[in-house]
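Novice: The structure that follows is given in the form of structure tokens.
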Amino acid sequence: MDTVAEMEKIVSATVKAYQDDFYQFDIATIERMGEGEEAIWEVRPTGTYLFPSRRANHETCDFYRSVNETFHRNRGHHWYLIMKGRSLERISDKTALWYIDSFERSFVKSAKRKYHLALRAWMTCGGKCPTLKEFQLRDSD
């Protein structure tokens, strides 16, 4: 499945303002995603928001919850679940919120795992590592 082509059909039919944002930001983000990677996508007559699961952290999850709260009453506002190269399906606001929560839970689990690995690495060098920067948690994007 050509994910970008399917998204473009939806944008052409729905988005009346800020279509350039789709072409500038959403497509670039989709192209960086791996095959089968999940994202949720909010589409409305006044634009789009694309939220890949790998970009999840507390701030982005809060932002997308606010997007839903702001636009859910708008006519023409829809969420889609994207699995790059595999599927693009319309989902309810409730389902979108479930995915946002799920993305956040995965982020927390990953951050805890990274923290424990960094702590273990620091402890194995007796606290005398040349630098702890290599063990600091970093956001991948």
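Read the figures in this text as sums done on the coordinates, not as results from a lab. Source: prediction; values computed, not measured. No Cβ is skipped: glycine too gets one built from the backbone with ideal geometry, and neighbour counts run over all protein chains shown.
Novice: Give me W79, W98 sorted ascending by neighbouring Cβ count inside 10 Å, so fewest comes first.
Specialist: Going from least to most buried by this count: W98, W79.
Novice: Is the shape of the range 1-90 rounded, prolate or oblate, going by the alpha carbon gyration tensor and its root eigenvalues a ≥ b ≥ c, with a/c under 1.5 for rounded and a/b larger than b/c for prolate? Could you put the intermediate results ahead of the total?
Specialist: Working: a/c = 1.64, a/b = 1.10, b/c = 1.49.
Note, shape of the range 1-90 comes out oblate.
Novice: Cross-link list K94/K114; K16/K94; K16/K109; K9/K112; K84/K114; K9/K114: which exceed 32 angstrom alpha carbon to alpha carbon?
Specialist: K16/K109; K9/K112; K9/K114
Novice: Rank the residues I10, I40 as a footprinting-exposure proxy: fewest other Cβ atoms within 10 Å of their Cβ go first.
Specialist: I10, I40
Novice: Just how far, in whole angstrom, is the range 8-39 from the range 87-111 if you go by their alpha carbon centroids?
Specialist: One Cα centre to the other: 18 Å.
Novice: With label points built 7 Å along Cα→Cβ from the Cα atoms of E6 and E31, find their separation and express it in nm.
Specialist: Spacing of the two 7 Å Cα→Cβ label points: 2.0 nm.
Novice: Report ³J(HN,Hα) in whole Hz for each residue of the range 76-83, in order, from the Karplus equation J = 6.51 cos²θ - 1.76 cosθ + 1.60 where θ = phi - 60°; Gly and Pro get x.
Specialist: Taking θ as phi minus 60°, the curve returns x, 7, 9, 9, 10, 9, 10, 10 Hz for the range 76-83.
Novice: Please name which of T70, P52, Y18 has its Cα lying farthest along the dipole of the range 1-90 towards the positive end, using unit charges on Cβ (Lys, Arg +1; Asp, Glu -1) and the Cα centre as origin.
Specialist: T70
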